[in-house]
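Visitor: I'd like to ask you about the structure that follows.
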Amino acid sequence: MTENQTLSPRLRGSRCEHCTTVAFPASVSCQRCGGSETTGIDLSTTGTVWTATIQRFPPKSPPYVPPAGGFRPYAVGYVELPEGVKVEALLEGTSPIDLIGRQVVLVESDPVPSFTLDPTPAATADAGAESASEKEV
């Protein structure tokens, strides 16, 4: 993962030169075919929440350091990027039902990836259409 304060947050992955499998984080060997020829790539900064849950208890400490105000539950899940790789990340939200299937945008990459709901009109319209079709079922 890389992030420069003057640039937008980025996730660094790798692509296998043999089978084109994309991995996150970047790897020197392919998880799929075992090939050792990989190339570092910048991954997309938008994706779709594949699954999510709410972390309702503090993680093991260390390495977790609770904030001054104490632990507060937070959303965590997997975001599927256009490259086909799923990234475990913190998510902005309080309900897995409202997060799963939604378009999100990367807002932080260090120390862990963090995504927020995509504010663009197209992402909002897509989410509304999906919710409506789910209600009809």
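Visitor: How much of Thr120 can a 1.4 Å solvent probe reach, expressed as accessible area in Å² and rounded to 10?
Guide: That residue has around 60 Å² of solvent-accessible surface.
Visitor: Okay, moving on. Let me check I've understood the local charge: for Glu92, count other residues with C-beta under 12 angstrom from its C-beta, Lys and Arg +1, Asp and Glu -1. What total comes out?
Guide: The answer is -2.
Visitor: Let me ask something else. Quick one: Kirkwood hydrodynamic radius for region 8-66, alpha-carbon pairs, angstrom, one decimal?
Guide: Every distinct Cα pair counted, the radius reaches 13.9 Å.
Visitor: Could you please report the charge total around Ser114, scoring K, R as +1 and D, E as -1 over all other residues with beta-carbon less than 10 angstrom from its beta-carbon?
Guide: With Lys, Arg at +1 and Asp, Glu at -1, the net is -3.
Visitor: Please grab the % of Cα pairs in region 36-80 that end up more than 14 Å from each other. Walk me through the intermediate numbers first.
Guide: Values: 672 of 990 pairs.
Counting every Cα pair in region 36-80, those more than 14 Å apart make up 68 percent.
Visitor: Related question: What are the principal axis extents of the Cα atoms in region 1-107, in Å, biggest first?
Guide: 48, 31, 31
Visitor: Right, here's the next one. Hey, if we sort Arg102, Arg72 by accessible area with the 1.4 Å probe, largest down, what's the order? Could the numbers behind the result be given before it?
Guide: Details: Arg102 65, Arg72 185 Å².
Most to least solvent-accessible, the answer reads Arg72, Arg102.
Visitor: Order the following by accessible area, largest value first: Ser29, Ser14. Probe radius 1.4 Å; ligands, DNA and RNA are ignored.
Guide: Working: Ser29 55, Ser14 5 Å².
Of Ser29, Ser14, the descending order of accessible area is Ser29, Ser14.
Visitor: Would you kindly calculate the mean projected area, averaged across all directions, of the convex hull enclosing the Cα atoms of region 45-126, in square nanometres?
Guide: If I average the Cα hull's projected area over directions, I get 5.9 nm².
The values are calculated or read from the model by the stated rules, or taken from the named source; none is laboratory data. This is a predicted model, so every value here is computed, not measured. Here the Cβ is made from the backbone with ideal geometry for all residues, glycine too, and neighbour counts use every protein chain on show. Surface accessibility is based on the protein's heavy atoms, side chains included, excluding ligands, DNA and RNA. Shrake-Rupley method; radii C 1.70, N 1.55, O 1.52, S 1.80 Å.
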